[in-house]
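Asks: Here it is, the structure, as structure tokens.
The values are calculated or read from the model by the stated rules, or taken from the named source; none is laboratory data. Predicted model, so just to flag it, every value in this text is computed and none were measured. Because the Cβ atoms are built from the backbone with ideal geometry, glycine has one as well, and the counts that use them run over all protein chains shown.
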Amino acid sequence: SIQRIRARQLLDSRGNPTLEAEVTLEDGTTARAMVPSGASTGIHEALELRDGNPARYGGKEVGKAVQNVQRLIAPALQGREALRQEEIDHLLRELDGTKNKSNLGANAMLGVSLAVARASASALGLPLYRYLGGTGSNLLPVPFANVINGGAHSDAPLDFQEFMIVPRGAPTFSEAIRFGAETFHALRTLLRERNLGTGLGDEGGFAPNLSSAEEVLELLCAAVERAGYTPGKEIFFAMDPASSEFFDPSSGAYVFRKSDQRRMPAIHLVEYYKELAKRFPILSIEDGAAENDWDGWQILTRELGEKVQLVGDDLFVTNPEFLRKGIQLGVANAILIKPNQIGTLSETLETVDLAKRNGYAVMLSHRSGETEDPFLAHLAVACNAGQIKTGSFARSDRVGKYNELLRIEEDLGKDGRFGHW
Ligand code: PGA
Ligand code: ZN
């Protein structure tokens, strides 16, 4: 049972404060978990509690969340059975008492929820992915590696936030990592040759001086070939335009504010995606329409849903309620899963389950503000998700997740599978 819970404020990969929770069980087992943080957050996400004192870390300290863990959560969970994760998460939700976790803070709740799971796995002597997923968890996810960072994640004059390479044609997970990393290095060489800049964005991808999706995708094709692969054979592409960020709700139009100021209704944006998908091997588009633009999402799904995976991130915010609405409206065909959007492990797993039962594909995801905690890697395997996006092949906050998956691949040995979702 749970004996002690503590929390502390540390830093995330952007140098902003974040919360770490630490759980100690009766037998002395201690485990920790760190909470990530987004930049292009969905408005329906659970609340991340910050202190708001502008004189300290620009208002971003998490002292209140730390106090909530120590003064409110710790006494409520003390003596409870850590193996009963759903009960623990239920207690957390009751204690909070709000719909969006604004009382305790989703950061306080998630830190504790994840640390409890990790402590339980450790007490049982099981790898975390095995504890979370059981004996059927053996699918290593295809990496969606964000190698070009635009939008809210860099100063590049690019409206679309993410351009990912997807080494889906690799025979194993470790080969997928090799194909991807080699392409990343080839991309660096090309950027240097063309004087486009090799600085990195928040997710470890380059942030070059390019302003259109066509230019980026052409460059990615060249990088794939330079690395000795063929676009559409070993390596595919995916995009996260994160279009909520350039949607203008007052006019219902999408505006390319960071580049050429182009303005267009959803139908034209969808036409643009269609053209790109015709020219380039794009197999997945995330948040192609904005979080509250359900009409735009219906157009997008009607026009592209047969051909391309359409992932809801800001749209669903890992929340079963929003996913249910999407299922009813026949919108999107995949969901992005970010545990801190919903705030507990059990609710995260509930959303994954709901998605799978309704034929939606599942992609596990980091946040743009990450930590060195590789929990996500275990969660991806536990869910047999088959897909993970956790940044580029630079910055240890990103690479750490891939490295953990390489360890899991080794641990699974012959039982491990790769590449089908
Ligand atoms: P965020 O971006 O972590 O900044 O929200 C990631 C995403 O949009 O997928
Ligand atoms: Zn997204």
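Asks: Of all residues in the range 315-347 being of a type in the set (Ser, Thr, Tyr) and away from ligand 2 (no atom under 16 Å from the Cβ), which is nearest to GLU45 (Cα to Cα)? Give the derivation first.
Replies: Narrowing the range 315-347 to residues of a type in the set (Ser, Thr, Tyr): 318, 344, 346.
Those left that are additionally away from ligand 2 (no atom under 16 Å from the Cβ): 344, 346.
Details: THR344: 12, SER346: 16 Å.
Here the residue is THR344.
Asks: Moving on. On the basis of being of a type outside the set (A, V, I, L, M), over 22 Å from ARG398 (Cβ atoms) and in contact (Cβ under 8 Å) with a residue 40 or more places away in the chain, does PRO231 make the cut?
Replies: yes
Asks: Something else about it: Run down TYR254, TYR272 and say which single residue is more than 16 Å from the chain's Cα centre (by Cα), crowded, with 23+ Cβ neighbours inside 10 Å and of a type outside the set (A, V, I, L, M, F, W, C). Break it down into steps so the answer makes sense when it comes.
Replies: Details: TYR272 fails: crowded, with 23+ Cβ neighbours inside 10 Å.
Residue meeting the stated conditions: TYR254.
Asks: Moving on. In the range 81-180, which helices (runs of 4 or more DSSP H) lie fully inside it and hold 3 or more residues that are in contact with a strand residue (DSSP E or B) (Cβ under 6 Å, 6 or more places away or on another chain)? Steps first, please.
Replies: On the way: elements: 85-96, 106-124, 128-133.
By residue number, 106-124.
Asks: Okay, moving on. Out of everything in the range 275-292 that is away from ligand 1 (no atom under 16 Å from the Cβ) and part of a loop (DSSP other than H, G, I, E, B), what residue ends up being farthest from the chain's Cα centre (by Cα)?
Replies: Only one residue fits best here, namely PHE280.
Asks: Could you tell me whether any residue of the range 119-137 is touching a Gly at 6+ places or on another chain (Cβ under 8 Å) and away from ligand 1 (no atom under 16 Å from the Cβ)?
Replies: First, pick out the residues of the range 119-137 that are touching a Gly at 6+ places or on another chain (Cβ under 8 Å): none.
No, the range 119-137 has no match at all.
Asks: Any residue at all in the range 253-265 that is part of a helix (DSSP H, G or I) and modelled with pLDDT of 95 or more? Please lay out each step first, then the result.
Replies: Our first condition is that a residue be part of a helix (DSSP H, G or I); within the range 253-265, this holds for none.
Within the range 253-265, none of the residues are part of a helix (DSSP H, G or I) and modelled with pLDDT of 95 or more.
Condition check ((1) surrounded by 19 or more Cβ atoms within 10 Å (Cβ to Cβ); (2) under 26 Å from the mean Cα position of the chain (by Cα)) across all residues:
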| residue | (1), (2) |
| --- | --- |
| SER37 | yes, yes |
| LEU49 | yes, yes |
| LYS60 | yes, yes |
| LYS64 | no, yes |
| ARG71 | no, no |
| ARG80 | no, no |
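Asks: Please give the strands (runs of 3 or more DSSP E) falling wholly within the range 298-404 in which 3 or more residues are within 15 Å of ligand 1 (Cβ to nearest atom), under 14 Å from the mean Cα position of the chain (by Cα) and crowded, with 21+ Cβ neighbours inside 10 Å. Steps first, please.
Replies: Working: elements: 309-312, 334-337, 361-365, 387-389.
The qualifying strands (runs of 3 or more DSSP E) are 334-337, 361-365, 387-389.
Asks: Still on this structure, please answer the following. Of ILE43, ILE88, which residue is more than 27 Å from ALA121 (Cα to Cα), touching a residue at least 12 places away in the same chain (Cβ under 8 Å) and β-branched (Val, Ile, Thr)?
Replies: Working: ILE88 fails: more than 27 Å from ALA121 (Cα to Cα).
Only one candidate qualifies: ILE43.
Asks: Could you please find all residues in the range 1-19 being part of a strand (DSSP E or B) and more than 12 Å from GLU370 (Cα to Cα)?
Replies: The answer is ILE2, GLN3, ARG4, ILE5, ARG6, ALA7, ARG8, GLN9.
Asks: Exactly one of (1) under 27 Å from ALA361 (Cβ atoms); (2) within 16 Å of ligand 1 (Cβ to nearest atom) is unmet by TYR229. Its number?
Replies: It is condition (2) that TYR229 fails.
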